[in-house]
Amino acid sequence: MTTKDVIATLTADVERLMKLHDGAMAEIATLREKHNEQCATIRGLQEQLREAKAEAEKASMHAAIAGSISNKTAARAHINRLLREIDNCIAMVSSRI
């Protein structure tokens, strides 16, 4: 192989690698954009889930307070949980004073 052939082969290889690099960079940009879109979708769905859980909790609490016998234990448990949370908050505030 002559020097010119080696240089031509190397030049062709470099050009091919540069094209592959450009293609890979474009694909990375596209994938990053899709990733950001998916992250935004996930955040939106997580927020919807939180809201739905809060609504379900409220509906359960309203049903429990309404007085059906099977829900009285759920209402008591929920109220006890809220009272413990309030006690913890009061304790934290008292310890900071």
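Before moving on, here are some points about what is shown:
- Among the residues of the range 25-39, at least one is among the hydroxyl-bearing types (Ser, Thr, Tyr) and either at pLDDT below 85 or within 32 Å of the chain's Cα centre (by Cα) (or both).
- Residues satisfying the stated conditions in the range 11-57, i.e. within 30 Å of ALA74 (Cα to Cα) and open to solvent by 90 Å² or more (accessible area, probe 1.4 Å): LEU45, GLN46, GLN48, LEU49, ARG50, GLU51, LYS53, GLU55
- Considering the range 52-97, the residues that are among the hydroxyl-bearing types (Ser, Thr, Tyr) and part of a helix (DSSP H, G or I) include one that is modelled with the lowest pLDDT, namely SER70.
- The residue pairs whose first member lies in the range 8-19 and is aliphatic (A, V, I, L, M), whose second member is exposed (fewer than 10 other Cβ atoms within 10 Å of the Cβ), and whose beta carbons are closer than 6 Å, counting only pairs six or more residues apart or on different chains, do not exist in this structure.
The values are calculated or read from the model by the stated rules, or taken from the named source; none is laboratory data. The structure presented is a predicted model; accordingly, all values stated were derived computationally and were not measured. With ideal geometry, Cβ positions are generated from the backbone for all residues, glycine too; neighbour counts draw on all protein chains shown. These area figures cover heavy atoms from the full protein model, side chains too; ligands, DNA and RNA do not enter into them. Shrake-Rupley method; radii C 1.70, N 1.55, O 1.52, S 1.80 Å.
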